[in-house]
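Novice: The following block contains the structure, expressed as structure tokens.
Just so it is clear, none of the values below were taken in a lab; they were calculated from the coordinates. None of these values were measured; they are calculated from a predicted model. Counting neighbours? That spans all protein chains shown, and the Cβs are built from the backbone with ideal geometry, glycine included.
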Amino acid sequence: METSRERYRAQVRAEIKRHAWEQLATTGVSALSLNAIARHVGMSGPALYRYFPSRDDLITDLVRDAYRSLADAVQAAVSVTEVAYAIREWALADPQRYLFVYGTPIPGYHAPGDTTKISDEIMTVLLRVYAAEPDDGRALRRAVTFWTRVHGVLSLELAGHFPAWGSTPPCCSPPRSTLCP
């Protein structure tokens, strides 16, 4: 059973992360300021370090949360199309979160090796989906090709590179083109 102190600590950590996400959405990852987050939470900068020993620890928690959220979003997918739409909906719902994990690397940040284990769950879903198709021994290759295509399209869409087609890339609205994942 969780003690009241443990519950309070979890609540404060969640509030710190919520303010971190808000800051990332407005200023971007390069301007992430632990002191500004601490002020929003109502504590001093040094006090924040009792909850996250370093900036990298906070970033790692945010990365894990983002990957967990995306992995949860694709778990129920049973087709390549469903995976593509789940990833796209997740990214469009919070573009900063998508760009946080799939955009430009964070200067000076090195993720712990276990951070991508959650991301591996997404590839497991893709492999499961491709394994349900006729097996030609290329499921992994097709899954990786899909993965790179969907992220390429999303990165272009989130950066606003589809203005001639309106707000939706041509491969994401009927009729679907061969460029679609």
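Novice: Please say if region 101-165 is rounded, prolate or oblate, where rounded means a/c under 1.5 for a ≥ b ≥ c the square roots of the C-alpha gyration tensor eigenvalues, and otherwise the choice is prolate for a/b larger than b/c and oblate otherwise?
Specialist: Here region 101-165 falls in the oblate category.
Novice: To continue, here is another question. Enter the Cα centre distance for the pair region 71-129 and region 1-29, rounded to the nearest angstrom.
Specialist: Using only Cα atoms to place each centre, the spacing works out to 21 Å.
Novice: In addition: Sum -39500 (n - 2.57) across every DSSP H segment of at least 4 residues in the chain, then divide by the residue count to get the 222 nm mean residue ellipticity, nearest 500.
Specialist: Estimated from H runs of four or more residues: -20000 deg cm²/dmol.
Novice: Same structure again: Treating the angle as unsigned and between 0 and 90°, give the value, to the nearest 10°, between the Cα long axis of helix 117-131 and the longest Cα principal axis of the chain.
Specialist: Helix 117-131 sits roughly 20 degrees off the main axis of the chain.
Novice: While we're looking at this one, here's another question. Residue by residue, what Karplus-based ³J(HN,Hα) values in Hz, rounded to whole numbers, does region 6-14 have, using 6.51, -1.76 and 1.60 with θ = phi - 60° and x for Gly and Pro?
Specialist: Computed from phi, the couplings for region 6-14 are 5, 5, 4, 4, 5, 5, 5, 4, 5 Hz.
Novice: Give the angle, between 0 and 90 degrees and rounded to the nearest 10, that separates the Cα long axis of helix 55-74 from the longest principal axis of the Cα atoms of the chain.
Specialist: Rounded to the nearest ten degrees, it is 40.
Novice: Taking the Cα centre as origin and putting +1 on Lys and Arg beta-carbons and -1 on Asp and Glu beta-carbons, what dipole magnitude results for region 1-53, to the nearest 20 debye?
Specialist: That gives a dipole near 120 debye.
Novice: If you don't mind, there's one more thing I want to ask. Take each of the peptides 3-9, 110-116, 91-97, average the number of other beta-carbon atoms within 10 Å over its residues, and list them starting from the highest.
Specialist: 91-97, 110-116, 3-9
Novice: What does the convex hull of the alpha-carbon atoms of the chain project to on average, in nm²?
Specialist: Averaged projected area of the chain's Cα convex hull equals 13.1 nm².
Novice: Please give the length that would be gained between SER79 and ARG128 if that part of the chain were fully extended, namely 0.36 nm times their separation in residues minus their C-alpha to C-alpha distance (nm, one decimal).
Specialist: 16.7 nm
Novice: Same structure, new question: Give the residue from ALA143, THR115, PRO46 lying farthest towards the positive end of the charge dipole for the chain; charges sit on Cβ (+1 for Lys and Arg, -1 for Asp and Glu) and the dipole is referred to the Cα centre.
Specialist: PRO46
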